[in-house]
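Readers should treat all values here as calculations from the given coordinates under stated rules, not as data from a laboratory. Just so we're clear, the structure is a prediction, and the values are computed from it rather than from any experiment. Don't worry about glycine lacking a Cβ; one is built from the backbone with ideal geometry, like all the others, and counts go over all protein chains shown.
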Amino acid sequence: MTVAALDVSTFAFTEAAPAKVNLYLHVTGRRADGYHLLDSLVVFAGAGDVLHYQPGPEPLHLHITGRFGRVLDASAAGADNLVIRAAQALQALGGAQAHVQGGTLVLEKKLPVASGIGGGSADAAAALRLLDRAWNVQASRADLLALAQTLGADVPVCLLSQTMRMEGIGEELTPAPHLPECGMVLVNCGQAVSTPEVFRRRAGAFAPRATMPQSWANLADVMAFIEQQGNSLEQAACEVCPPVAHVLADIGGQEGCLMARMSGSGATCFGLFATPQAARQAADRLEDAHSAWWVWGGGLV
Ligand SMILES: C[C@](O)(CO)[C@H](O)COP(=O)(O)OP(=O)(O)OC[C@H]1O[C@@H](n2ccc(N)nc2=O)[C@H](O)[C@@H]1O
Ligand SMILES: Nc1ncnc2c1ncn2[C@@H]1O[C@H](COP(=O)(O)OP(=O)(O)OP(=O)(O)O)[C@@H](O)[C@H]1O
């Protein structure tokens with residue numbers, strides 16, 4: 001089937017893969033195996049990739065479409081793609097009782113690749129949720145989380161796709177206090193940033209574990225808390241990708257922007273606004289001024 005002939009509106013299964021955003025990210029230590037210990041407040045934006053699946057007799061295969069589909073070369077649709085790796089892992093977990101089938105997966109790649117908002121992790125997590133349903137695997141939440149962990153540090157939190165405090169190397173997840181409605185702008189300058197390289201370049205003392213309140217009365221409370229935290233990888237990411245500083249200044253300069261910060265290992269930066277509408281207006285202005293940037297504005301999941 002050619003990509004042009006794929007009509008995903010007829011596909012039986014669809015799953016959203018929302019972008020992960022680290023409102024703060026503290027690197028609190030380093031394990032003997034080189035992985036870093038983190039403390040992060042993770043939220044999910046209305047922006048995301050979308051995964052579609054049509055079961056069929058042919059072996060399971062993946063097409064990648066969308067604005068950033070071409071960034072992932074042909075080999076990326078093969079065995080190395082996190083969607084395929086997630087499918088294979090779930091198939092192994094499901095065993096004989098699952099109704100594992102072949103068919104066509106289509107990944108609409110709307111999120112920039114290697115950009116600190118967990119695109120590949122969100123795709124893998126969406127594949128686990130979608131195929132668990134489609135194949136009637138009925139895996140327990142604990143089994144799915146354990147499997148997610150084998151696919152990447154961000155995959156467990158993306159499996160839940162809801163506001164969480166994330167610790168350990170990404171596997172310790174606890175519910176975070178409810179966030180009041182707010183708006184978010186996401187901006188990526190177009191330069192892919194390697195997560196391992198940014199971790200390697202991080203310098204200086206480890207950051208403390210944040211003291212998170214039990215609840216927030218309003219957005220001003222949330223802002224006061226988040227502003228006291230930071231992103232331990234921001235400086236290293238700015239060295240690897242100098243436009244990050246420019247992006248942060250431009251988001252921060254937008255009318256109504258409450259704060260601007262980088263997400264994950266970069267280079268995507270976010271701005272927080274009082275409402276999704278204010279965020280969309282700021283996104284429109286940023287897009288007009290920087291046609292080469294990827295810009296999104298809206299609300300949280
Ligand atoms: C920085 C974050 O985006 C914050 O949410 C994530 O921790 C990164 O998660 P991810 O991209 O799913 O990371 P993985 O694919 O598991 O790891 C990529 C590489 O990042 C480094 N890495 C990742 C996670 C972590 N807690 N410590 C690390 O040092 C390791 O060098 C690892 O080889
Ligand atoms: N489905 C996928 N989407 C994006 N990248 C993928 C996918 N499958 C494998 N990859 C590989 O994973 C690498 C990291 O991409 P990804 O977009 O997940 O990074 P990221 O946004 O920095 O993630 P994180 O915030 O979790 O560090 C890419 O260089 C790409 O080659």
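Among 84, 169, 251, what is the fewest-to-most ranking by other Cβ atoms within 10 Å?
169, 84, 251
Identify, among 266, 245, 145, the residue whose Cα sits farthest towards the positive end of the charge dipole of the chain, taking +1 on the Cβ of Lys and Arg and -1 on the Cβ of Asp and Glu, with the dipole about the Cα centre.
Towards the positive end, the residue furthest out is 145.
Mind jotting down the three principal axis lengths of the stretch 175-301 based on Cα atoms? Whole angstrom, largest first.
Largest to smallest, the principal-axis extents are 39, 38, 23 Å.
On a full-extension model of 0.36 nm per residue, what is the gain between residue 209 and residue 12, subtracting their alpha-carbon distance, rounded to one decimal in nm?
This chain segment gains 66.5 nm when fully extended.
In whole Hz, with x marking every Gly and Pro, tabulate ³J(HN,Hα) for the stretch 275-283 from phi via Karplus 6.51 cos²θ - 1.76 cosθ + 1.60, θ = phi - 60°.
9, x, 5, 4, 5, 5, 5, 5, 4
Quick check on the chain: helices-only [θ] at 222 nm, where DSSP H runs of length 4 and up contribute -39,500 (n - 2.57) each and the sum goes over total residues. Nearest 500, please.
Calculated mean residue ellipticity at 222 nm is -9000 deg cm²/dmol.
Could you please tell me the mean projected area of the C-alpha convex hull for the stretch 58-133, averaged over all directions and given in square nanometres to one decimal?
Averaging across all directions leaves 5.0 nm² for the Cα convex hull.
I'd like to know which of 282, 86, 36 lies farthest towards the positive end of the charge dipole of the chain, counting +1 on Cβ of Lys and Arg and -1 on Cβ of Asp and Glu.
Of 282, 86, 36, it is 36.
Given the peptides 230-237, 32-39, arrange them by the average over their residues of other C-beta atoms within 10 Å, most packed first.
230-237, 32-39
Rounded to whole Å and ordered largest first, report the semi-axes of the equivalent ellipsoid of the stretch 117-225 derived from its Cα gyration tensor (root of 5λ).
Its equivalent ellipsoid spans semi-axes of 26, 21, 16 Å.
Please arrange 15, 58 by counting, for each residue, the other beta carbons lying within 10 Å of its beta carbon, fewest first.
Ascending number of Cβ neighbours within 10 Å: 58, 15.
If all Cα-Cα distances of the chain are sorted into 20 Å bins from 0 onward, what percent lands in each bin, rounded to whole numbers?
34, 57, 9
At 20 °C and a viscosity of 1.002 mPa s, what translational diffusion coefficient does Stokes-Einstein give for the stretch 1-134, taking Rh as the Kirkwood radius over Cα pairs? Give it in µm²/s as a whole number.
135 µm²/s
Roughly what would the spin-label model give for residue 179 and residue 221, points 7 Å off Cα along C-beta, in nm?
Those two pseudo-labels are separated by 1.6 nm.
Please give me, ordered by residue number, the trypsin sites (Lys or Arg not before Pro) of the stretch 45-119 that lie in loop per DSSP and have at most 15 other Cβ atoms within 10 Å.
Filter output for the stretch 45-119: 67.
Step by step: find N for the stretch 167-206, compute 2.2 N^0.38 Å, then divide the Cα radius of gyration by it. What's the final number?
For the stretch 167-206, the normalised Cα radius of gyration is 1.72.
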